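Below is one structure, written out as structure tokens, with a few remarks after it.
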Amino acid sequence: MEKMTLDGLPAPIMEYVKGIEIRLFELEVKLENSQAQVGRLTEMLLLAQKARFGQSGEKSRYILEDGYEQETLFNEAEVFAVDEDSSDTPQSVVVEKHLRKPKRTKEELAKDLPVEEVVIDLPEEERVCGICECGLHPIGREFVRSELSVVPAQVYVTETYRVNYSCARCMEESDEANIVKPDVPVPVVKRGLASPSSAAYAMYQKYANSVPLYRQEKDWANFGVTLSRSTLANWIIYTSTNWLQPLWLELKSLLLESPIIMADETVVQILKEPGKSPQSESRMWVYCTGNVARPPPIVLYEYQPSRSGEHPKEFLKINHAFYLHTDAYAGYNTVENAVHCGCFAHLRRRFNEAMPKKADESTPARIGFEYCQKLFALERKFEELSPEERLEKRLELSKPVLDDFYAWIVTVNPLAGSKLYHAIAYAVNQREPLSAFLLDGRIEISTNRIENHIRPFTIGRKNWLFADTVAGAKASAVAYSIIQSAKANGLNPYRYLLHLFTELPTVLTKDPDADLTRFFPWSNEVQETCRYGQDAKGQLSLVD
């Protein structure tokens, strides 16, 4: 049958038919938009359920339904295979679904702690043989058990006196006494009860253990001392501003010499900030050195009232080219002389968010996620290599994976506005920063290093919620900087603060421009006295 045409029909009928065609087209467009909206709403519902009831971890065994045993897109079983040439002593024990590290022995757990021996002996009157009634003599000691003992913190008052001397001969000859007085260490807080140990303890508790001041106030009351939270806050602000700030400035000058710098920022709320309401958001910016040998690890926090890109631009005023490793926030584009490096962890997270609950290997989001996993698996293989060797291996093995990834991306046609659409857009827009790890073997493929440094702040923020004043926020930034830099260099944060508060007040009072090199967390003097695992007996007294 021949197809009917409108030719020859009366004009009213032709107009009617054309109207129906237009209406059908409008309904098709409306249906397509409705289907897209239903798809987005369904995706939002699934993501909400996943966020509420699903695993929060980003490890593949939490994300992929069948864990390590599931065959991935790239068949990377060799990544997790046990080396047949390894020692007979297993470094890990293979159990169902995951790898579990072997349990450590009691000796390994307590190997860095001081040891106090307790010898149990027979009383003098019992050292007689029950058979022949002759005297007993020792034949050796027998080990019975090993236990952990704890000495709770103690608070006591230290009253400092000094002995003054005078010359009797000068007194006889001139009737004027020549009085000689020894120098007295400068107090950590002028006209206050704070000692180096108590100031260090308050700062350590808040910024290393995330204990807010109102809880510390109750803790001091249990020690028998009535200290208000405002007093503790004043201690922290005073010591941070006067003694730690100069060290922070010295560390900043060294940080700016690093060829690789990482940066990130997070929200902080200030109740009494001029020109802003208590509900408004300010920012805590964090900067750290990358995977470089020199300078040693440095972590610096800086408070700023906004998220403006002018803040990192001002902080990172560097006259030479350097690598700046950040997330995709556009504010970092204002930094001058910076070669921007991207983060595959952020990209992987976007593909993870786009994956449905049961994603098979043909799901686009799953494929994108697996490409990221492939790159991270290769990086784990390159961990022990030198930067030069790592770069060579990346160009040989990682670059083809990256090229395949971007060749695959152009074949994907995601639904506009969907999570997969945003993941693809992120990958396309960030292609140059994401490829920067192929420029230098010292560049990492993720910003996990800086995120690990910012995490203590975000955890602490959940407890203390906000800062009362701008001065408190700035003091907190300096305190977090010193503590996180100490931890990055293997130091006991409390012992390091105690060392600084004992020495710096006298040094800086005598010479505000004194050389602070010996107080850097990697200096020999600091490493000898403040490292983890050294004899810390007696260090927990709160007042010296």
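The values are calculated or read from the model by the stated rules, or taken from the named source; none is laboratory data. These numbers were taken from a predicted model, which means no experiment stands behind them. Reconstructed Cβ throughout: ideal geometry from the backbone, glycine too, with neighbour counts over all protein chains shown. The protein model used for the area step is the full one, side chains on, heavy atoms only, and it has no ligands, DNA or RNA in it. Shrake-Rupley method; radii C 1.70, N 1.55, O 1.52, S 1.80 Å.
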DSSP bridge pairs, segment 256-408: antiparallel proportion in percent, nearest 5: 65 percent
Report in % the part of the accessible area of segment 135-195 that belongs to carbon and sulfur, leaving out ligands and nucleic acids; probe 1.4 Å. 54 percent
Spin-label point model (7 Å from Cα, Cβ direction): what's the Asn291 to Ser230 distance in nm? 5.1 nm
Between Met14 and Leu397, the two model label points (7 Å from Cα along the beta-carbon direction) sit apart by a distance in nm of 7.1 nm
Simple label model, 7 Å out from Cα along Cβ direction - Phe223 to Ser308, nm: 4.2 nm
Using 1/(1 + (r/R0)^6) with R0 = 35 angstrom and r between the beta carbons of Leu465 and Leu45, what's the FRET efficiency to the nearest 0.05? 0.65
Rounded to the nearest 0.05, what FRET efficiency is calculated for Ser362 and Val29 with R0 set to 25 Å and r the Cβ-Cβ distance? 0.30
Check: segment 180-299 dipole with +1 on Lys, Arg Cβ and -1 on Asp, Glu Cβ, in debye: 380 debye
Assuming R0 = 25 Å, what is the FRET efficiency of Val150 and Glu528, from their Cβ-Cβ distance, to the nearest 0.05? 0.45
